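Engineer: Handing you a structure now.
What follows is calculated from the coordinates using simple rules that are stated; it is not laboratory data. Here the structure is a predicted model, which is why all the values come from computation and not from measurement. Counting neighbours? That spans all protein chains shown, and the Cβs are built from the backbone with ideal geometry, glycine included.
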């Protein structure tokens with residue numbers, strides 16, 4: 001089974017909270033801490049995207065960081081609720097497993 005992908009769109013130097021020393025703002029840190037905690041229990045791929053890496057990303061997300069995507073679907077903005085995040089991750093795992101079974105069944109029919 002392919003691992004889930006969780007992406008966090010953030011900014012290394014956060015102008016929203018005034019941090020310009022290369023560290024993350026409090027919202028980004030809190031979101032990544034929660035994601036990391038859940039990742040210890042439920043394995044998934046984690047990718048942090050710096051919105052300053054492209055003008056398009058910066059324009060789209062500059063006032064909406066952090067934005068969290070699960071398998072390409074927007075799941076959270078600004079804050080991550082740990083229980084809801086865990087629930088959504090489990091739901092995606094179940095969905096991926098059912099899809100795999102469905103494809104296998106279609107292949108053998």
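Engineer: For residue 40 and residue 5 in one chain, what is 0.36 nm times their gap in residues minus the Cα-Cα distance, to one decimal in nm?
Structural biologist: Working: separation 35, 0.36 × 35 = 12.60 nm, distance 1.43 nm.
Stretched fully, the residue 40-residue 5 segment lengthens by 11.2 nm.
Engineer: For segment 27-104, count the residues as N, evaluate 2.2 N^0.38 Å, and divide the Cα radius of gyration by that value, please.
Structural biologist: Numbers: Rg = 14.1 Å, N = 78, 2.2 N^0.38 = 11.5 Å.
Working it through for segment 27-104, the quotient is 1.23.
Engineer: Provide the packing ranking of 44-56, 66-78, i.e. peptides ordered by the mean count of other C-beta atoms within 10 Å per residue, highest first.
Structural biologist: Values: 44-56: 13.5, 66-78: 16.6.
Peptide ranking by packing, descending: 66-78, 44-56.
Engineer: A further question follows. If r is the Cβ-Cβ distance from residue 82 to residue 62 and R0 is 30 Å, what FRET efficiency results, to the nearest 0.05?
Structural biologist: Values: r = 26 Å, r/R0 = 0.87.
Between residue 82 and residue 62 the formula returns 0.70.
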